[in-house]
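Colleague: So that we are looking at the same thing, I have put the structure below in structure tokens.
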Amino acid sequence: MIAVCLVSTGCPGPAATRAPPTEPGEATHSTLADDDSDRPSHGKAELQKALIAERGAEATLERRLVELEARAEGPVNVGVDDQLRIVLGDLAVRRRFIATLETCEATGRWCPPRLDDPPWGYDADSDQPTDPPLGAPLRFDLDGWRTITAELYGRACACRTVACIDSVGVAIDELELRPMPMVQADDQAATEITRARECLFRLRGKSANRPASAPAID
């Protein structure tokens, strides 16, 4: 068998126990405060429904992993290594996303602002760069920037794949440069960007460092 591992995930097989993202006791003080008042609008029933769907998606990825591992042992395995890396990476991200939902359900922490899986067709590596496909107009006055950052926060926390994490991160970096400095410094928008980056770090299996002046969100 060709072993394909990711540094951050190891080599989880279908029967592997899902590891949560950074545990609250292991994270820095950039993690969300127990008394955080910025709660998502979805209720417990919606959260449980989302968990059922995500565990089904996890099982599908696990079956795909088994198929690819079997193909890797066979005589025709061209391109299988790359597919294995993608599936392993996406499975790790999906498990971390599920762990955030489980923590949200159990403790009210790490709750994402949205539970859906919005389409995100942004190719950050394209030879012909385009604007990220946001639902919000790309207006960089104060109100427009606040709307954009809120959507980026929602999309970052909704990522279930490595490609989504990578491309949303690029979109944040690119769009953050466009507003005037006074607009960039807006506390509300800056908090949304900080929260978005924390979600991306958590879904990568890392923890983020927050400036001391920023409010904790997990």
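Colleague: What number of residues in region 91-110 are open to solvent by 30 Å² or more (accessible area, probe 1.4 Å) and of a type outside the set (S, T, N, Q)?
Modeller: 5
Colleague: Further question: Just need a number here: residues in region 135-162 that are in contact (Cβ under 8 Å) with a residue 40 or more places away in the chain and among the small types (Gly, Ala, Ser).
Modeller: Residues that pass the stated criteria total 4.
Colleague: So which helices (runs of 4 or more DSSP H) stay within region 159-218 end to end and still have 1 or more residues that are within 19 Å of Pro133 (Cα to Cα), modelled with pLDDT of 95 or more and open to solvent by 40 Å² or more (accessible area, probe 1.4 Å)?
Modeller: 162-175, 187-203
Colleague: Out of everything in region 59-77 that is modelled with pLDDT of 85 or more and open to solvent by 50 Å² or more (accessible area, probe 1.4 Å), what residue ends up being nearest to the chain's Cα centre (by Cα)?
Modeller: Checking each candidate, the answer is Thr60.
Colleague: A follow-up question, please. Test Gly121 against the stated conditions and say whether it is touching an Asp or Glu at 6+ places or on another chain (Cβ under 8 Å), open to solvent by 20 Å² or more (accessible area, probe 1.4 Å), without any contact (Cβ under 8 Å) to a residue 40 or more places away in the chain and part of a loop (DSSP other than H, G, I, E, B).
Modeller: Judged against the criteria, Gly121 is not a match.
The values are calculated or read from the model by the stated rules, or taken from the named source; none is laboratory data. All values reported here derive from a predicted model rather than from experimental measurement. Every residue, glycine as well, gets a Cβ built from its backbone with ideal geometry; the counts of neighbours run over all protein chains shown. Heavy atoms of the whole protein, side chains included, go into the accessibility calculation; ligands, DNA and RNA do not. Shrake-Rupley method; radii C 1.70, N 1.55, O 1.52, S 1.80 Å.
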